[in-house]
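Heads up, the thing below is written out as structure tokens.
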Number of protein chains: 2
Amino acid sequence: LNQDLHGLFDQTIVMLNMRRLDELKDLLSSVPPADVAELLEELEADQRAAVMQLLSDEVAADTIAEMEPEDQVSILESLGSQRAGDILDEMSADDVADMVGELTPEERGALLNLLEPEGATDVRELLEYPPDTAGGLMTTEVVALREGLTAQEAIDELRRQAPEVETAYYVYVVNDRDQLAGVLSLRELIIAAPDALVRDIMRRKVISMRADEDQEQVARNVKKYNLLAMPVVDHDNVLLGIVTVDDVIDVLEEEATEDLYRAAGVSEEEGADRESGTWQSVRARLPWLMGLLFLSLVSGKVIEHFNGLLTTVSALAVFITTMAGGAGNAATQSLAVVVRGLATGDIERQHIMPVVWRELRVGAIIGAICGVALAVTATLWHGQPAIGLIAGTAIFINLTLAKVAGTLVPVMLQSLGLDPAVASGPFIATVTDTTSMLIYFGIASLVVSYLG
Amino acid sequence: LNQDLHGLFDQTIVMLNMRRLDELKDLLSSVPPADVAELLEELEADQRAAVMQLLSDEVAADTIAEMEPEDQVSILESLGSQRAGDILDEMSADDVADMVGELTPEERGALLNLLEPEGATDVRELLEYPPDTAGGLMTTEVVALREGLTAQEAIDELRRQAPEVETAYYVYVVNDRDQLAGVLSLRELIIAAPDALVRDIMRRKVISMRADEDQEQVARNVKKYNLLAMPVVDHDNVLLGIVTVDDVIDVLEEEATEDLYRAAGVSEEEGADRESGTWQSVRARLPWLMGLLFLSLVSGKVIEHFNGLLTTVSALAVFITTMAGGAGNAATQSLAVVVRGLATGDIERQHIMPVVWRELRVGAIIGAICGVALAVTATLWHGQPAIGLIAGTAIFINLTLAKVAGTLVPVMLQSLGLDPAVASGPFIATVTDTTSMLIYFGIASLVVSYLG
């Protein structure tokens, strides 16, 4: 498909240059909006303007809905207010709300003034909901029917309502007070006897969520119950809108990116976007790095404490990075398995002890194997069995404890009501730097004093 | 909802103990299958058997489809072959294929013998496709209509076909040779004039994928084009089945878990499941840890080279973990941003230079700030401005280079045709251990020889 896009780009350039605009118009009308959006991003400003003139308002609206907020605003601004208004009217209210949500109040007002008053009101209502809630994610374009209709009347009603509603996969049924009473899939409606009452064929147990619930919870439930859309209601069970599965996929992806960033000690404000600014990245990363830098001085303090020993047995310095690195790596592995397990629900906090025991066993086995390997290597390298004994024993204890620490730290954070994902790899690695230095030099002291 | 599940569990136990089985049957028929599945996992074996007897074959099939493969097999085995066969007949072929895919050939044969011959053939056909391809992910339950029908005839045809097909959100249109010719959403079919020809109202440009294409590519395209299902065709464009959006969500989540595991140096075979065995975990993690242990000896070699200097200026040892840790942490941050950006397509390999420059700028700014902070701290701590100068300068260069390394390593891996995610945090941290020791002791040598 990337190749298709390359071909589309070339064809577009040729047709623009040869002014074969009718042909280009036909070509673009047969291409999915997501591809037209990618094409526009690759074109020069004047080419982009020429292409936008060829798109119908509806296709232009679908195309703009696929773009990033910055690109959306800049392309609309380039069109002039008449055309921009026509396109905005074709966009769904939730897409417009997402787009204007990040603008300053003045810019937002200017854009919303281009919309028909009714549409602007819908957008303003959506903007009332925090963006990371069910309300902030929903679209208000929803097909709702009264429960007294027959299946045939419902289909006739759909013919009236649905041409505008692209997200009609389910039909929601409401009572006189607009409260959610049931749901039917279009399939169920079609296969029902025409004179069956909607109230008799609808499913009455509808999974729904309140507008103020967290978007990640919405996404988890859509995934769990294999839904195409989640109805959103207010405190009185009045149907407000639906969250569609395509928005849920975006939320799950966003969440996965956040987890990966936190695991690496990057705060979630930073985009992976190549245009993300230098200072934005500095702000997202400096606090972590600076904090960890000072935390690492604790392990430096441990080394300072054993400086006399280090001066006597200078070969000990050689394994400092191996000890610290090994512990950090072992802890990072356990951390990833436990944090992801807690996030997906595969590990439950109440059942954590079996996980801790498993990590202890895994750490001891890996530690024993690595300990023997390192002991042999160190002995051969330095010709001193004592160095081999110290390094081997220390890495065994280090790896075992690091695995337990990597397991317990995220669990403890969750018990304290914190997100377990804040225990990043860099954080746990810096913490285990200190324990590994204590263990390494502690064992070295013992061995050296015993050997006299 | 978790609370709901708790209530459901308690109610089930009470009703089982009081033998109020009809009531329990009614209760369970109103609960989504995903919740019944969770309930069954919490029950004792005899309670589970009692509940299974109350479920209709259809509800039992939907419930089992929500469980993990091990649980599915064990629950079917407990039912006796008559009931197990009835339930299997109600399950969709792709769910059965996923379940039996991990069994030994004998176990698989035994299970498939319980199915009606026709269903068993469907399952065997699906098992021909590798599980991580479009074919391995698809269901063959798809509504396909001929292009010559009218909208009304199509609806009548749906009434015949669709009761069996829960995944009918789109209607696919095929020609005489069963080749995919067009698509209609149920909404479009309902709102069309009853005598309009399907051929005239269908969309002819259908996004489809071949059965041998990678499941992640299917998932990326379903996400990009906001589809509810992706049609799967063979090399001749003959319609074979569809991949539904709920399976796509599972693929995306699996992929996110893999990325997070790789970032932490855990191979993807390890499940986050608490029952995952000790030896399975050892196998998934030992190769990484052992490899990195030996790689870390390179930085040990660098320290050994400077052992004379370290003995003369013993305060230098204090900052070894700070240097190594700081570089590793900085590189891990860049790595996470770049690997995720490459995975989601936000960063393209051809446009990598702006990203490298940004990381260089970010690294230099963060390095300068941390450098000054560390220089002041080290000077105050040891009372020697030379130590402060060495530590501050070294951390500045270290962090700057680490950011560039964290950016370039995944890009280079991708250029070599490797998955950029194999450059895990632990790997890059171990590599930067060596560079940080070279820089630190190199600067220390210069400063010490200059101060004479």
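At a glance:
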{"read-out": "Shielding by partners - mean other protein chain Cβ count within 10 Å, residues of A:188-201", "value": "2"}
{"read-out": "Counting all C-alpha pairs of chain A, share separated by more than 40 Å (%)", "value": "44 percent"}
{"read-out": "The stretch A:12-119: radius of gyration and largest Cα-Cα distance (Dmax), Å", "value": "13.8, 43"}
{"read-out": "Per-residue average of Cβ from other chains inside 10 Å of B:32-44", "value": "2"}
{"read-out": "Global form of the stretch B:111-235, assessed from the alpha-carbon gyration tensor, a/c cut-off 1.5", "value": "oblate"}
{"read-out": "Label distances, nm, residue A:74 versus same residue in remaining copies, Cβ-directed 7 Å point", "value": "5.6"}
{"read-out": "Calculated P(r) of the stretch A:306-375 - Cα pairs past 15 Å, %", "value": "66 percent"}
{"read-out": "Exposure ranking of A:450, B:170 by accessible area [1.4 Å probe, largest first]", "value": "A:450, B:170"}
{"read-out": "Kirkwood Rh in Å, taken over the protein assembly as shown so that all alpha-carbon pairs contribute", "value": "30.6 Å"}
{"read-out": "Pseudo-label separations to other copies for residue B:53 - Cα-to-Cβ vector, 7 Å, nm", "value": "7.8"}
{"read-out": "Integer Hz, Karplus 6.51/-1.76/1.60 couplings in order for the stretch B:141-155, x for Gly and Pro", "value": "7, 9, 8, 10, 10, 7, 6, x, 6, 8, 4, 5, 4, 5, 5"}
{"read-out": "Cα shape, the stretch B:22-70, gyration tensor, a/c 1.5 rule", "value": "oblate"}
{"read-out": "Cross-link partners of residue B:205 among lysines (Cα-Cα below 26 Å; sequence separation of 8 or more within a chain)", "value": "A:25, B:223, B:224"}
{"read-out": "The stretch B:170-254: trypsin sites (Lys or Arg not before Pro) in DSSP loop, at most 13 other beta carbons within 10 Å", "value": "B:177, B:204, B:205"}
{"read-out": "Number of partner chain Cβ atoms within 10 Å, mean per residue of A:231-243", "value": "0"}
{"read-out": "Cα-based convex hull, the stretch B:349-420, per residue volume (Å³, whole number)", "value": "72 Å³"}
{"read-out": "Area of residue B:334 that stays accessible when all protein chains are in place (1.4 Å probe, Å², to 10)", "value": "0 Å²"}
{"read-out": "With DNA, RNA and ligands ignored, accessible area of residue A:400 (1.4 Å probe; Å², nearest 10)", "value": "20 Å²"}
{"read-out": "Hz values of 3J(HN,Hα) by residue in the stretch A:317-329 - Karplus curve (6.51, -1.76, 1.60), Gly and Pro given as x", "value": "4, 4, 9, 4, 5, 5, 5, 5, x, x, 4, x, 5"}
{"read-out": "Within chain A, helix-based [θ] at 222 nm, where runs of 4 or more DSSP H residues each add -39,500 (n - 2.57), nearest 500", "value": "-21500 deg cm²/dmol"}
{"read-out": "Across the identical copies, how the residue A:349 labels are spaced - nm, sorted shortest first, 7 Å along Cα→Cβ", "value": "4.4"}
{"read-out": "Estimated D of the stretch A:141-209 in µm² per second, where Rh is the Kirkwood radius over Cα pairs and Stokes-Einstein applies at 20 °C, 1.002 mPa s", "value": "181 µm²/s"}
{"read-out": "The stretch B:70-85-the stretch B:97-120 distance, computed between alpha-carbon centres (Å)", "value": "12 Å"}
{"read-out": "For the stretch B:397-434 versus the stretch B:26-50, the gap between their alpha-carbon centres in whole angstrom", "value": "48 Å"}
{"read-out": "Probe 1.4 Å - accessible area at residue A:66, Å² to nearest ten", "value": "70 Å²"}
{"read-out": "Stokes-Einstein translational diffusion, the stretch A:214-358 - Kirkwood Rh over all Cα pairs, 1.567 mPa s, 4 °C, in µm²/s", "value": "66 µm²/s"}
{"read-out": "Sequence-distant residues sharing a close amide H with residue B:133 (under 5 Å, placed H)", "value": "B:215"}
{"read-out": "Calculated from backbone phi, Karplus (6.51, -1.76, 1.60) coupling profile of the stretch A:214-227 in Hz, x at Gly/Pro", "value": "5, 4, 5, 5, 4, 4, 4, 6, 4, 5, 4, 9, 6, 8"}
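The values are calculated or read from the model by the stated rules, or taken from the named source; none is laboratory data. No experiment lies behind these values; they were computed from the predicted model shown. As a convention, Cβ positions derive from the backbone with ideal geometry for all residues, glycine included, and neighbour counts pool all protein chains shown. All accessible areas refer to the heavy atoms of the entire protein, side chains included, with ligands and DNA or RNA removed. Shrake-Rupley method; radii C 1.70, N 1.55, O 1.52, S 1.80 Å.
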